[in-house]
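Every read-out reported here was derived from the displayed coordinates using simple, explicitly stated rules and does not represent laboratory data. Bear in mind the structure is a predicted one, so any value in this text is a computation, not a measurement. Neighbour counts are summed over all protein chains in view; Cβ atoms, including those assigned to glycine, are modelled from backbone coordinates with ideal geometry.
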Amino acid sequence: MGSKQSKYPKLIKKINKASNDIRQNDECPQLVKQDDQYVDRMQLFHHVMRCVSNGNFKVPLDEQLKEGGVVVLDVCCGTGTWLSEMASDFPNSNFVGIEKDPIYPEHKPKNVKIVQADVLEKFPFKDDTFDFVYSRLNFFSFSESQWKNHLIKEFVRVLKPGGYLECLDHSGSDNKGAILEKLNVAIEKVLIQAGRCPSLASKFSGIIESEPQMGKVTLTEVTVPIGSWGGKIGDLGLHINMHMMSGLKKGIMHYLKLSEKSLEKLWADYKTEVNTHHTRWKINRYISQKNNN
Ligand SMILES: C[S@@+](CC[C@H](N)C(=O)[O-])C[C@H]1O[C@@H](n2cnc3c(N)ncnc32)[C@H](O)[C@@H]1O
């Protein structure tokens, strides 16, 4: 059987090269293969997030971003779609991304710069550089200790006094049926086995607030419908959800002691269950401001 042709052959080659060049995350080995579907999923997720959030950010910097001179960092910016949209909306401000894999397009708006680097090293920026640090869907790339002892500290270090941090990430699901409960048990085990913390969402405000320079966290929640009951967004939500789960297929089969065929059947039933239960995905948004000196 020949392997499927890549939609982005050059890109996938570059990613594989970069993965060899950049030290692997020993504490948290990569969970899912970075292929065409992964790149597509990240882009799709961006559009879903913007839609359910009614915009690309919530920190109170609209006016300053419009006026110009604001400097923004997107940590682990992936395909850079958020950065490019923000840069087009606010042409007088400057946008920087940091990302280990070159999955962002070569042609970017003039006010976007992407630095290829490992965020587990010291960030390649001076203290007090950014007015706004943004991090989205990065929880499960790192361990709890990497978040507590390195990443949050770097976010705080590179933020200017008075600057804002906005982090958006998975916090579970609402209206779960029995199949999702069962799948979640296996997914949690896969995450733990791979060094991640499945309950990071409930600890994250505390992790930010334990930094003496950061103010109280404002926590809000957005939800994404999963399944056709939620219209077009629900269809996309289910598509993304199924793609994420299929990346963890081996682990789910192992922990649920299921054959591939039985898991496929469970997933088919899950697609019905989300519609009868009106299942939703929950995403937390954490906003905090660095104290003015
Ligand atoms: C789930 S994606 C989220 C991407 C983006 N934040 C978004 O919302 O679309 C996680 C990203 O983190 C990047 N990443 C993982 N470990 C990294 C590291 N040690 N240094 C820099 N980037 C990393 C991955 O390459 C991937 O692009």
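Quick one: is ASN54 under 21 Å from VAL224 (Cα atoms) and more than 16 Å from the ligand (Cβ to nearest atom)? Answer is yes for this residue.
Restricted to segment 86-99, and to residues there that are assigned to a strand (DSSP E or B) and not aromatic (Phe, Trp, Tyr), the residue that is farthest from the ligand (Cβ to nearest atom) is ASN94. Contact list please: Cβ distance under 8 Å, first residue in segment 30-41 and within 13 Å of ILE240 (Cα to Cα), second residue part of a loop (DSSP other than H, G, I, E, B) and β-branched (Val, Ile, Thr), pairs at least six apart or on different chains. Correct list of pairs: TYR38/VAL32; VAL39/THR79; VAL39/ILE103. Tallying residues that are in contact (Cβ under 8 Å) with a residue 60 or more places away in the chain, assigned to a loop (DSSP other than H, G, I, E, B) and surrounded by 19 or more Cβ atoms within 10 Å (Cβ to Cβ) within segment 122-142 yields 1.
Scanning segment 102-115 for residues that are within 17 Å of the chain's Cα centre (by Cα) and either more than 14 Å from the ligand (Cβ to nearest atom) or buried (at least 22 other Cβ atoms within 10 Å of the Cβ) (or both) yields one hit, ILE103. When TRP82 is tested against the conditions (1) buried (at least 16 other Cβ atoms within 10 Å of the Cβ); (2) free of Cβ contacts under 8 Å to residues at least 40 places away in the same chain; (3) hydrophobic (A, V, I, L, M, F, W, C), the lone failure is (2).
Every residue, every condition in (1) more than 14 Å from the ligand (Cβ to nearest atom); (2) of a type in the set (A, V, I, L, M, F, W, C), yes or no:
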residue	(1), (2)
ARG136	no, no
PRO161	yes, no
ASN175	yes, no
GLN193	yes, no
ILE207	yes, yes
GLN213	yes, no
ILE226	yes, yes
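Selection of segment 105-121 for residues being outside any strand (DSSP E or B) and more than 19 Å from LEU168 (Cβ to Cβ) yields PRO105, GLU106, HIS107, LYS108, PRO109, LYS110, ASN111, ALA117, ASP118, LEU120, GLU121. Scanning segment 54-68 for residues that are in contact with a strand residue (DSSP E or B) (Cβ under 7 Å, 6 or more places away or on another chain) and under 28 Å from LEU238 (Cβ atoms) turns up at least one hit. The condition of being buried (at least 18 other Cβ atoms within 10 Å of the Cβ), more than 26 Å from ARG280 (Cβ to Cβ), touching a residue at least 12 places away in the same chain (Cβ under 8 Å) and within 13 Å of the ligand (Cβ to nearest atom) holds for only one of VAL156, VAL119, that being VAL119.
Looking across segment 59-85, the residues that are within 12 Å of the ligand (Cβ to nearest atom), farther than 22 Å from LEU219 by Cβ and of a type outside the set (D, E, K, R) come down to CYS77, GLY78, THR79, GLY80, THR81, LEU83, SER84. When SER145 is tested against (1) buried (at least 16 other Cβ atoms within 10 Å of the Cβ); (2) within 19 Å of GLU211 (Cα to Cα), just one condition goes unmet, and that condition is (1).
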